[in-house]
1. Can you confirm whether Phe118 is modelled with pLDDT of 95 or more and hydrophobic (A, V, I, L, M, F, W, C)?
2. Six or more apart or on different chains, Cβ under 6 Å: which pairs go from a residue in segment 34-45 that's in contact (Cβ under 8 Å) with a residue 24 or more places away in the chain to one that's open to solvent by less than 90 Å² (accessible area, probe 1.4 Å)? Could you list them?
3. Tally up the residues in segment 1-18 that are open to solvent by less than 90 Å² (accessible area, probe 1.4 Å) and modelled with pLDDT under 95, please.
4. Just need a number here: residues in segment 65-81 that are in contact (Cβ under 8 Å) with a residue 40 or more places away in the chain and either more than 12 Å from Arg17 (Cβ to Cβ) or of a type in the set (Asp, Glu) (or both).
5. Scanning segment 21-42 for residues that are acidic (Asp, Glu) and modelled with pLDDT under 95, which turns out most open to solvent (accessible area, probe 1.4 Å)?
6. For segment 82-108, how many residues are over 25 Å from Glu16 (Cβ atoms) and in contact (Cβ under 8 Å) with a residue 24 or more places away in the chain?
7. What tally of residues in segment 54-74 results from selecting those that are under 19 Å from Lys38 (Cα atoms) and either among the β-branched types (Val, Ile, Thr) or in contact with a Gly (Cβ under 6 Å, 6 or more places away or on another chain) (or both)?
8. Among (1) among the small types (Gly, Ala, Ser); (2) surrounded by fewer than 16 Cβ atoms within 10 Å (Cβ to Cβ); (3) within 21 Å of Lys20 (Cβ to Cβ), there is one condition Ala53 misses while meeting the rest; what is its number?
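The values are calculated or read from the model by the stated rules, or taken from the named source; none is laboratory data. Just so we're clear, the structure is a prediction, and the values are computed from it rather than from any experiment. Note that we place each Cβ from the backbone using ideal geometry, even for glycine, and neighbour counts take in every protein chain shown. These accessible areas exclude ligands, DNA and RNA; they are computed on the full protein's heavy atoms, side chains included. Shrake-Rupley method; radii C 1.70, N 1.55, O 1.52, S 1.80 Å.
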Amino acid sequence: MAKTMLTYTTVNNLGERIQKMQRDHILRSRGETILIGKILEDIGKYCGVGSDAIDKVKMHINQPSLPLAMKIAEYFKCRPDEIFTLVPIRCSHCGAEWDGANRETTKRLICGSCKQVFEPTMN
């Protein structure tokens, strides 16, 4: 039996927050650059995961677990929904929200409105 698939996904602004942190550091230190890799390492250490795990969340490759999302938000001293946002999966042909009823595979969905096969995107 096919696994149930959610009709929504999450997007995040983690990359923008990391870039802002880098810019703020440059301003505070009068031009001294901090590498993004160092910021990823610091966030990972705070959250108890590797910098590669944080980078994959930032790049929208992996979805964080709820505890990890909460620790990332805690690191930035904000609420999780200020970084992670739920968005509906939309058909790339007609823009309708996917109803969750039909799919070829987990990567190829069938729109309930226009009946076209599409691949979900992160926007």
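1. Working: modelled with pLDDT of 95 or more: no; hydrophobic (A, V, I, L, M, F, W, C): yes.
Criteria not met by Phe118.
2. These pairs meet every condition: Ile43/Ile54; Ile43/Tyr75.
3. 6
4. Residues of segment 65-81 that are in contact (Cβ under 8 Å) with a residue 40 or more places away in the chain, as a first pass: 72, 76.
Next, from what is left, pick out any that are either more than 12 Å from Arg17 (Cβ to Cβ) or of a type in the set (Asp, Glu) (or both): none.
Total satisfying the criteria: 0.
5. Residues of segment 21-42 acidic (Asp, Glu): 24, 32, 41-42.
After this cut, where a residue has to be modelled with pLDDT under 95 as well, the list is 24, 32.
Working: Asp24: 52, Glu32: 112 Å².
Result: Glu32.
6. Residues flagged as over 25 Å from Glu16 (Cβ atoms) and in contact (Cβ under 8 Å) with a residue 24 or more places away in the chain within segment 82-108 amount to 8.
7. The total comes to 4.
8. Tallying (1) among the small types (Gly, Ala, Ser); (2) surrounded by fewer than 16 Cβ atoms within 10 Å (Cβ to Cβ); (3) within 21 Å of Lys20 (Cβ to Cβ), Ala53 fails exactly one: (2).
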